[in-house]
Amino acid sequence: MKTTSIFKSSLLIFLLAMVVLSYMQMDLLVAAFQTNPFQGSADSVARGETLWMQYCMACHGREGAGDGPATAQLSVKPKDLTMVALPPVFPDGILAYRIANGKKTMPAWKDVFPPDQVWDLVSYIRSKSKKTAKT
């Protein structure tokens, strides 16, 4: 009987933790289901490249490999974005969310870029991918 009580208490704590974590990450979960409205658009890639060269290249490098000139000053190096998994493993919405909201040393850009420009950056990043879609 004591084991059952401990199990129920542990399960309740686990479920409560999941509810709290899901509430805290609800916007990230919603982002996972967003798709790029400009997916496959050469114009979007070109617009994204223009933004990239002005705002992102210093840290992420020209091709997105995380080897930009500013990395010498960074304590944490940017990830190689050419190796980011393609959807559905790593959805475009999560990539857009990270651009807009930042993470750790990555600054948030939502006050700089409107949503369309964030999606243009996603298009550009995906155009540099070394990953291929599995069919």
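Which of the helices (runs of 4 or more DSSP H) contained wholly in the range 1-73 include at least 2 residues that are at pLDDT 95 or above and among the small types (Gly, Ala, Ser)?
42-51
Can you tell me how many residues within the range 74-85 are in contact with a helix residue (DSSP H, G or I) (Cβ under 6 Å, 6 or more places away or on another chain), assigned to a loop (DSSP other than H, G, I, E, B) and open to solvent by less than 50 Å² (accessible area, probe 1.4 Å)?
Count: 1.
Anything in the range 86-127 that is open to solvent by 70 Å² or more (accessible area, probe 1.4 Å) and aliphatic (A, V, I, L, M)? List them, or say none.
Within the range 86-127, Val89, Val112 qualify.
Identify the residue in the range 98-126 that is among the hydroxyl-bearing types (Ser, Thr, Tyr) and modelled with pLDDT of 95 or more and, among all such residues, is nearest to Cys59 (Cα to Cα).
Taking the candidates together, the pick is Tyr124.
The values are calculated or read from the model by the stated rules, or taken from the named source; none is laboratory data. The structure displayed is predicted, hence computed values, not measured ones. Note: ideal-geometry Cβ built from the backbone for every residue, glycine included; neighbour counts use all protein chains shown. Each accessible area value is taken on the protein alone, full model and side chains, heavy atoms only, with ligands, DNA and RNA left out. Shrake-Rupley method; radii C 1.70, N 1.55, O 1.52, S 1.80 Å.
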